[in-house]
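The values are calculated or read from the model by the stated rules, or taken from the named source; none is laboratory data. Remember, predicted model here, so these are calculated numbers, not experimental data. Ideal geometry is used to build each Cβ from the backbone, glycine not excepted, and the neighbour counts take in all protein chains shown. The accessibility values were calculated without ligands, DNA or RNA, using every heavy atom of the protein model including side chains. Shrake-Rupley method; radii C 1.70, N 1.55, O 1.52, S 1.80 Å.
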Amino acid sequence: MNPKYLKMMILLLLTLCTASMADAESSSKNSKNVAFLDYTEGGHNDTDFNATFMSEWWYQNGDMKLVAKDGEKKKLAFFIVMAHQESPELKDASGTNLSYLSTFYGLYPYEENATHNFTRTLVPRSSIENYIEFHVPYLNFTYPDGLKRFYGSGARGYMLNYSFDNMQLNLFFKPRVKKTVDSAIEPVNFTTYEYAYGKLRGSVVIDGKEYRVMQTNGYFDHMIPYTHDQATWQMEMHGWSWSEVTTDKYQTIFYGVRSMDDGYENYTYKHLTLINKHTGRIIAEYFGDQVNVDEKNWEYVEVKDRTVKRPSKLEISTPGLEISMNAQSVVQLDETSLPSGQPVGFVDFMAFQPDEATIKYRKNLEMGSAFYEYMVTDPGISSSSPE
């Protein structure tokens, strides 16, 4: 090749590479710290799904070891949810369209009783974008009281600033695994985007005393259930079960959704994922009849003259994989969680087990911690007997 043309081609390639790098740098350093355009991160509306009712929430949990400046040590697990609900039928007496905003948390101090809080408020639909950014490639949610904010992205990490009474969480979560997805049409339309494992860092203030986060495992997800023709999506299902187990090497995520016909113990939708924490690789996924769910040691709970049952032990198995956990420390979310006793639409049992949850993959048995949720909708309670 003529050296003159070779030199021109090299200069052209260098120019293109430099331009591409500049564009990439500009994109990665924009005001929202967005590394790529993943529009599953931001908020959604009911109109996006042609829904009569939808909910959307972002969930973060963690299992933390804390150390104060004076050397005091604590172990604390937690979950935080920030959510909104939209419907064209959600209006006030004057006909103004409204949006529901809610947030709730559970705290699980090791060797102490768990505590929780559930807060909900209505805002004019026209003002919802003051609190949540929609159709953007990042999360940015600020609760109306200004004391709770959740923002960021999977690529850059998520920041949680959350204050309530005597507690403050200032935590940064960086996923260390690829995003996984759960999605179904039956028995209810839903999609969940999960970063099943990552690390948290930051600080926690309890009763005015600050602790640094020294060691922690975390999990993040973003869920959107909705219905096309019912008053609420809860009317289409009996409930669901969700769990994640963390051991030294492995992470498992299980989603099970029950139809009205399934009752308390069967599942129309089942999906189990096994992840290698160290590499972020999905080792295996199992669906439907591949997954055996055995819930045991049922307990019966009275909620305003209604009896609801929940399992206190869960075993999940597939060929080559066995998982076991207990609902050891439980917080219960229902209509009694709100000061005014307003309907919530479900009874939700959110549990944490600090150790001795197990994952046995092939011949390798490991122990670790588990978060475990068992939810029953109000229509589910009415449609089936807990006996």
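Return yes or no: is Tyr158 within 23 Å of Gly202 (Cα to Cα) and not assigned by the TED database to the domain that holds Asp348? It would help to see each step written out before you state the result.
Values: within 23 Å of Gly202 (Cα to Cα): yes; not assigned by the TED database to the domain that holds Asp348: yes.
Yes: the conditions hold for Tyr158.
Hey, which of the strands (runs of 3 or more DSSP E) in segment 239-321, taking only ones fully inside, have at least 1 residues that are of a type outside the set (Gly, Ala, Ser) and touching a Gly at 6+ places or on another chain (Cβ under 9 Å)? Explain how you work it out, then say what you get.
On the way: elements: 239-246, 250-258, 269-276, 282-287, 292-303, 306-318.
So the answer is 239-246, 250-258, 269-276, 292-303, 306-318.
Report every pair of residues separated by at least 6 positions or lying on different chains whose Cβ atoms are under 6 Å apart, first residue within segment 279-306 and in contact (Cβ under 8 Å) with a residue 40 or more places away in the chain, second surrounded by 15 or more Cβ atoms within 10 Å (Cβ to Cβ) and of a type in the set (Val, Ile, Thr).
Taking only residues 6 or more apart or on different chains, the pairs are Gly280/Val177; Ile282/Ile275; Val293/Ile316; Val301/Val308; Val303/Val347; Arg306/Ile381.
For residues in segment 350-363 being without any contact (Cβ under 8 Å) to a residue 40 or more places away in the chain and either outside any strand (DSSP E or B) or closer than 30 Å to Glu302 by Cβ (or both), which is nearest to the chain's Cα centre (by Cα)?
Ala351
Within segment 202-225, how many residues are more than 16 Å from the chain's Cα centre (by Cα) and in a strand (DSSP E or B)?
So the count comes out to 13.
Condition check: touching a helix residue (DSSP H, G or I) at 6+ places or on another chain (Cβ under 9 Å), open to solvent by less than 30 Å² (accessible area, probe 1.4 Å) and more than 29 Å from Tyr219 (Cα to Cα). Does Leu98 satisfy that?
Values: touching a helix residue (DSSP H, G or I) at 6+ places or on another chain (Cβ under 9 Å): yes; open to solvent by less than 30 Å² (accessible area, probe 1.4 Å): yes; more than 29 Å from Tyr219 (Cα to Cα): yes.
The answer is yes for Leu98.
Conditions: (1) in contact with a Phe, Trp or Tyr (Cβ under 9 Å, 6 or more places away or on another chain); (2) open to solvent by less than 40 Å² (accessible area, probe 1.4 Å); (3) assigned to a strand (DSSP E or B). Lys199 meets all but one. Number of the miss?
(2)
Just checking, which of Val376, Val331, Val344, Val303 is in the same structural domain as Leu274 (by the TED database) and over 20 Å from the mean Cα position of the chain (by Cα)? Spell out how you get there, then give the answer.
Working: Val376 fails: over 20 Å from the mean Cα position of the chain (by Cα); Val331 fails: over 20 Å from the mean Cα position of the chain (by Cα); Val344 fails: over 20 Å from the mean Cα position of the chain (by Cα).
Result of the check over Val376, Val331, Val344, Val303: Val303.
When segment 103-124 is examined, which residues are found to be outside any loop (DSSP other than H, G, I, E, B) and surrounded by fewer than 19 Cβ atoms within 10 Å (Cβ to Cβ)? Spell out how you get there, then give the answer.
At the first step, the residues of segment 103-124 found to be outside any loop (DSSP other than H, G, I, E, B) are 103-109, 115-124.
Pro109, Thr115, His116, Asn117, Thr119, Arg120, Thr121, Leu122, Val123, Pro124, listed by residue number.
Go through segment 354-383 and count every residue that is touching a Gly at 6+ places or on another chain (Cβ under 9 Å), within 17 Å of Glu315 (Cα to Cα) and crowded, with 24+ Cβ neighbours inside 10 Å.
Looking only at that region, the number is 3.
Given the criterion among the small types (Gly, Ala, Ser) and more than 18 Å from Tyr361 (Cα to Cα), identify the matching residue among Gly280, Gly218. It would help to see each step written out before you state the result.
Values: Gly280 fails: more than 18 Å from Tyr361 (Cα to Cα).
Answer to the check: Gly218.
Looking only at segment 243-272, filter to residues that are free of Cβ contacts under 8 Å to residues at least 60 places away in the same chain and closer than 23 Å to Ser385 by Cα; which one of those is farthest from the chain's Cα centre (by Cα)?
If we filter segment 243-272 for residues that are free of Cβ contacts under 8 Å to residues at least 60 places away in the same chain, which is where we start, we get 256, 261, 265-267, 270, 272.
Now drop any that are not closer than 23 Å to Ser385 by Cα, which leaves 256, 261, 265-267, 270.
Working: Gly256: 15, Asp261: 26, Glu265: 23, Asn266: 23, Tyr267: 20, Lys270: 17 Å.
Here the residue is Asp261.
Residue under question is Glu366, and the condition is that it be in a loop (DSSP other than H, G, I, E, B) and not basic (Lys, Arg); does it hold?
Numbers: in a loop (DSSP other than H, G, I, E, B): no; not basic (Lys, Arg): yes.
Here the answer is no, as Glu366 does not meet what is asked.
Is it the case, given these coordinates, that Val291 is in contact with a Leu (Cβ under 9 Å, 6 or more places away or on another chain) and crowded, with 16+ Cβ neighbours inside 10 Å? Working first, answer last.
Numbers: in contact with a Leu (Cβ under 9 Å, 6 or more places away or on another chain): yes; crowded, with 16+ Cβ neighbours inside 10 Å: yes.
In short, yes.
Every residue in segment 137-175 that is open to solvent by 20 Å² or more (accessible area, probe 1.4 Å) and either touching a residue at least 40 places away in the same chain (Cβ under 8 Å) or not in a strand (DSSP E or B) (or both), please.
Initial filter on segment 137-175 (open to solvent by 20 Å² or more (accessible area, probe 1.4 Å)): 138, 140, 142, 144-147, 149, 151, 155-156, 159, 161, 163-166, 168, 170, 172, 174.
Listed by number, the residues that qualify are Tyr138, Asn140, Pro144, Asp145, Gly146, Leu147, Ala155, Arg156, Phe164, Asp165, Asn166.
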